[in-house]
Amino acid sequence: MEYKNRDRSNLNITETLSAFGSGLDINHIPAGVTERACLLIADSVGVAIRARKEAESTPALLAAVEQMGMTDGHGRVFADSRGYAFPAAALINGTLIHSLDFDDTHIAATVHPSAPVLAAALAAGQMANASGASVVAGVVAGYEVMCRLGRALKPADHYDRGFHPTATTGAFGATVSAGRALGLNAEQLSMALGICLSQASGSMQFLVNSAWTKRFQVGNAAMVGVIAASLASQGFVGASEAIEGDCGFLKSYSPDPDSSLAIAGLRENWETLQIGVKPYPSCRFSHAAIDGIIDIVASGIEASKIAQINIGLPRKGMDLTALPQAFRRKPNGVVGGQFSMHFTAAVAAQTGNLTWDDYDQYLTDSTTLELAQRIDVQEDSEMDAIYPERMGGKVSIRLTDGSLQSRCIEIPKGEPENFPDAKAHRSKFISLAQPVIGEQASHLQQKLMAFTALESLSELFLEVS
């Protein structure tokens, strides 16, 4: 979806988004958008539940939260019976949703919307004893703001400055979702966005050593939203023109932002419908190539017969998953594996899939790492030309007998045009949640899909206590 540029000289972006976010009611949202939001919420909760028990960063995160005295409160975390301070609950849930790199994506903005937006809305919703309908309205408002800001920054430019878009734009999306759940008016929400501006952060430096900061900074964005909205609710004054100002978000965080995209199509084109879900727990840039590899090996090709795999990606996909190639061919830790096109391709070629459990099994597997040495990734001009509207990839597999099979995948599985059906969605949720919460998983998934009917959020957390 492309929007026409508008005159940027008189755009009151902060005021416009604040009025939108504070005034959005569940009855103003098309039914299809609400339904999609509930599906995205459920998808995210399944990931969070599994990450609560299995993500290697979780024990340190929870220990630090306890050390800081943030465990005495009424904020709830999925798959956890303990109560936390509300900002801490947002931090933990947001981090968990992002910890498996299995959470939803908005390609054109190149962000993962649910981790910061949903986590903040849940925490603020518990603070305000809000209904499910109110929280869903906040989530949709947060999605819309976050994704539009991601577009306006121009994702490749924002990445080139070293920022992590999910964390930076996520802080603003989280502020809107939390503010809506707390019932802020437009003026208060504008102040909240000004407070958020002082806190929005997130660096791609995590790629150097597979750091857990990728997960934390997204959870931190959720916490930032709760803090900003709470301060504004008590009359704390934030910076005006937080988004469009000369020292505001867009001009400070990107060299040539298209400010008009921050409000383009508001209330008409719903960015929520452009959010896709992941079939594989890895960087979204790797998914099109993985789809191609899985399709090729499904014809009966054995991994032992593969001589060479060549992959073509857009430039930014190269930066995030393929360079330097020697480093990516032997990733360090789960985060390194998730951002290695070579490793994820090698697993897909061997197994015909890529699952969360594969990291534990294959990260040190000599056969997998040897196959990764025979994988070469190059920038592809055609794939670069369709980014960021599409996150495509090309794959060619040459066998030891000299034969060659190739695929070009412009739209990976899980995108709105290639969205999973209800059965596939439910299967992903159950596969993630059932090992942690057992037979409660099925009932919880049903409640999440009917989120707007909830009278209280406690109905969700009692299921996993």
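The values are calculated or read from the model by the stated rules, or taken from the named source; none is laboratory data. Everything numeric here is computed off the predicted structure, so don't read it as measured data. No Cβ is skipped: glycine too gets one built from the backbone with ideal geometry, and neighbour counts run over all protein chains shown. Only protein heavy atoms, including side chains, enter the accessible area calculation; ligands, DNA and RNA are left aside. Shrake-Rupley method; radii C 1.70, N 1.55, O 1.52, S 1.80 Å.
Couple of notes before you dig in:
- Listed peptides 166-175, 301-310, 82-91 by packing density, highest first (mean Cβ within 10 Å): 166-175, 82-91, 301-310
- Candidate lysines for bridging to LYS278, where Cα separation is under 23 Å - those fewer than 8 sequence places away on the same chain excluded: LYS53, LYS154, LYS214, LYS316, LYS394, LYS413, LYS423, LYS428, LYS447
- When every Cα-Cα distance of region 255-378 is counted in 10 angstrom steps from zero, the calculated P(r) takes the values 13, 41, 25, 13, 8, 0 percent.
- Shape annotation for the chain: C-alpha extents along the principal axes are 71, 53, 41 Å, from largest to smallest.
- Portion, in percent, of the accessible area of region 321-465 that falls on carbon or sulfur, probe 1.4 Å: 48 percent
- Highest mean packing comes first when the peptides 49-57, 176-184 are listed by Cβ atoms within 10 Å, giving 176-184, 49-57.
- With protein chains left intact and a 1.4 Å probe, residues in region 116-250 average 27 Å² of accessible area per residue.
- Compactness check for region 114-256: Cα Rg over 2.2 N^0.38 Å is 0.98.
- Residue ranges 275-284, 432-441 sort as 275-284, 432-441 when ordered by packing (mean number of other C-beta atoms within 10 Å per residue, highest first).
- Dividing the summed -39500 (n - 2.57) terms of all DSSP H runs of n ≥ 4 by the residue count of the chain sets its mean residue ellipticity at 222 nm at -16000 deg cm²/dmol.
- Legend: helices of the chain (whole DSSP H runs) are marked when their alpha-carbon atoms reach 27 angstrom or more along the helix axis and their mean Kyte-Doolittle hydropathy is at least -1.0; marked are 31-54, 132-153, 213-233.
- The heavy atoms of SER252 offer some 50 square angstrom of accessible surface to a 1.4 angstrom probe.
- Accessible surface of region 1-159 [probe 1.4 Å, protein heavy atoms]: carbon and sulfur percent: 46 percent
- Heavy-atom surface of region 347-465, accessible at 1.4 Å and reported per residue (Å²): 49 Å²
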